[in-house]
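Below: one structure, written as structure tokens.
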Amino acid sequence: MTAALDRFLTVLIEKDISLSQLTANDRDHFVNHVLKEIFGEIRYNLLNRSARMNFIRHQLSKTIQRVTWALHKQGEKTQLTPVQTEVLFGQIAGKRGIPGLQLPLNSGGKLHLRGKIDRIDTATIDGQPWLSIVDYKSSSREFDLTEAYYGLAMQLVTYLDVALTDAVELIGREDAKIAGAYYFHVHNPVMDNQKATDDERLKQYKYDGLFVDDAEVFPIYDDTLTKSKNSALFPIRKDKNETLQKISQSKDKFYTEEEINYLIQHNRQKMIDGGNRILSGELSLNPSYKMKDKKRACQHCPFRSVCTFDVMLQENEYHRMKQLSKEEIIERMREEKND
């Protein structure tokens, strides 16, 4: 499905058509063209081999149509516009992308990161470029600062770091400011077709992730809000005085630019520490963590039969990670930065 979204947005970018300019007829035309191309590929021939596979193909098509509808509606509300999709960084399978990150190790060598960013959005206000990244997810996902701090959820922060580091290659500007990093749930929500409004449907695609605690950014997020209304896209609202503000229940999702930079630096250090341990030959049986009210790392690990981690053995202990408040984590990262 992400391949279809990539092709859909790539067509718009190549034709220099923004989501806000797109008509419903054009959207349907482009989506049908993309689906015809994708399902015509050899790797999708399986979807034509039985009634069951035909049904799966039908469901995939409906999901893509619904998701592109959501992207279109989002484009009518936000000033952030997709400018790059499927951005490769580093080298993967012989393909080389933008440089990405190269982090120094104790050995004198470097840790080279590689990966692919699903989408990069930008907005320019009064000459100032703002940049955000979007990561597509097949299931609902929320950004957990505690997991990011312990190095259990590094992807979103790493993507943002890469996009900012290579901003010149991506958008032709080195002075881009952070607009955020978000998860986008790719799905077709089950709703009553007769009763559900467009806003209710759009809320099913609301972004989650890192949002910038800066009043300059709020109009970029959603510039169509009316008095006393919440945004269907981002955790902001316009109050009765027509001032844009954070939704009170989502305040912990907002970070200052300084706090995001602390998180980026901490994330880099986690990767450097991991690289140094690998090169040092550290091979101890030490794989698992356990957090209060959260699943254990071993629950779905495909290597359990090889690892043979067993909590009944004295030498096998979970890493019991304490749930920390946002304030505690920010203070710890600030101290790391100062050290």
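Just wondering, is there one or more residues in the range 311-321 that are modelled with pLDDT of 85 or more and exposed (fewer than 10 other Cβ atoms within 10 Å of the Cβ)? No - not one qualifying residue is present in the range 311-321. For the range 54-65, a residue qualifies if it is touching a residue at least 60 places away in the same chain (Cβ under 8 Å) and crowded, with 18+ Cβ neighbours inside 10 Å, and exactly one does: Ile64.
If a residue must be hydrophobic (A, V, I, L, M, F, W, C), under 30 Å from Thr256 (Cβ atoms) and outside any helix (DSSP H, G or I), how many such residues does the range 295-334 contain? The total comes to 2. Within the range 173-194, identify whether any single residue is part of a helix (DSSP H, G or I) and under 28 Å from Gln128 (Cβ atoms), and answer yes or no. No, because not a single residue in the range 173-194 is part of a helix (DSSP H, G or I) and under 28 Å from Gln128 (Cβ atoms).
Just give me the residues in the range 200-216 being under 25 Å from Thr146 (Cβ atoms) and out of contact with any strand residue (DSSP E or B) (no Cβ under 6 Å at 6 or more places or on another chain), in sequence order. Matches in the range 200-216: Lys206, Asp214.
For the range 77-98, state whether one or more residues are in contact with a Phe, Trp or Tyr (Cβ under 6 Å, 6 or more places away or on another chain) and farther than 20 Å from Leu233 by Cα. Checking the range 77-98: at least one residue is in contact with a Phe, Trp or Tyr (Cβ under 6 Å, 6 or more places away or on another chain) and farther than 20 Å from Leu233 by Cα. Being more than 30 Å from Asp273 (Cβ to Cβ) and among the charged types (D, E, K, R) is a description that applies to Lys229. Looking only at the range 99-114, residues that are out of contact with any Phe, Trp or Tyr (no Cβ under 7 Å at 6 or more places or on another chain), without any contact (Cβ under 8 Å) to a residue 60 or more places away in the chain and in a loop (DSSP other than H, G, I, E, B) come to 1 in all.
You will find that of Gln249, Gln245, Gln269, the residue that is in the same structural domain as Arg141 (by TED's automatic domain parsing), polar (S, T, N, Q) and assigned to a strand (DSSP E or B) is Gln245 and no other. Taking the criterion of being among the small types (Gly, Ala, Ser) and either outside the structural domain of Ile260 (by TED's automatic domain parsing) or in contact with a strand residue (DSSP E or B) (Cβ under 8 Å, 6 or more places away or on another chain) (or both), the residues of the range 139-177 that qualify are Ser139, Ser140, Ala163, Ala167, Ala176.
Within the range 124-139, how many residues turn out to be in contact with a Phe, Trp or Tyr (Cβ under 8 Å, 6 or more places away or on another chain) and either exposed (fewer than 14 other Cβ atoms within 10 Å of the Cβ) or more than 25 Å from His187 (Cα to Cα) (or both)? Steps first, answer last, please.
From the range 124-139, those in contact with a Phe, Trp or Tyr (Cβ under 8 Å, 6 or more places away or on another chain) are 124, 132-137; that's our starting set.
Narrowing the set further to residues that are either exposed (fewer than 14 other Cβ atoms within 10 Å of the Cβ) or more than 25 Å from His187 (Cα to Cα) (or both) leaves 124.
Here the count works out to 1.
Gly90 satisfies every condition listed in (1) in contact (Cβ under 8 Å) with a residue 60 or more places away in the chain; (2) crowded, with 18+ Cβ neighbours inside 10 Å; (3) within 25 Å of Arg173 (Cα to Cα) except (1). Within the range 213-230, the set of residues being within 17 Å of Gln79 (Cβ to Cβ) and outside any loop (DSSP other than H, G, I, E, B) comprises Phe218, Pro219, Ile220, Tyr221. Across the range 31-72, the number of residues qualifying as polar (S, T, N, Q) and under 19 Å from Val186 (Cβ atoms) comes to 6. One residue stands out in the range 140-150 among those that are in a helix (DSSP H, G or I) and crowded, with 18+ Cβ neighbours inside 10 Å: the one that is farthest from the chain's Cα centre (by Cα), namely Tyr150. Just one of (1) assigned to a loop (DSSP other than H, G, I, E, B); (2) surrounded by fewer than 21 Cβ atoms within 10 Å (Cβ to Cβ) trips up Leu233, so point out which. It is condition (2) that Leu233 fails.
The values are calculated or read from the model by the stated rules, or taken from the named source; none is laboratory data. Everything numeric here is computed off the predicted structure, so don't read it as measured data. Neighbour counts run over all protein chains shown; Cβ positions are idealised from the backbone, glycine included.
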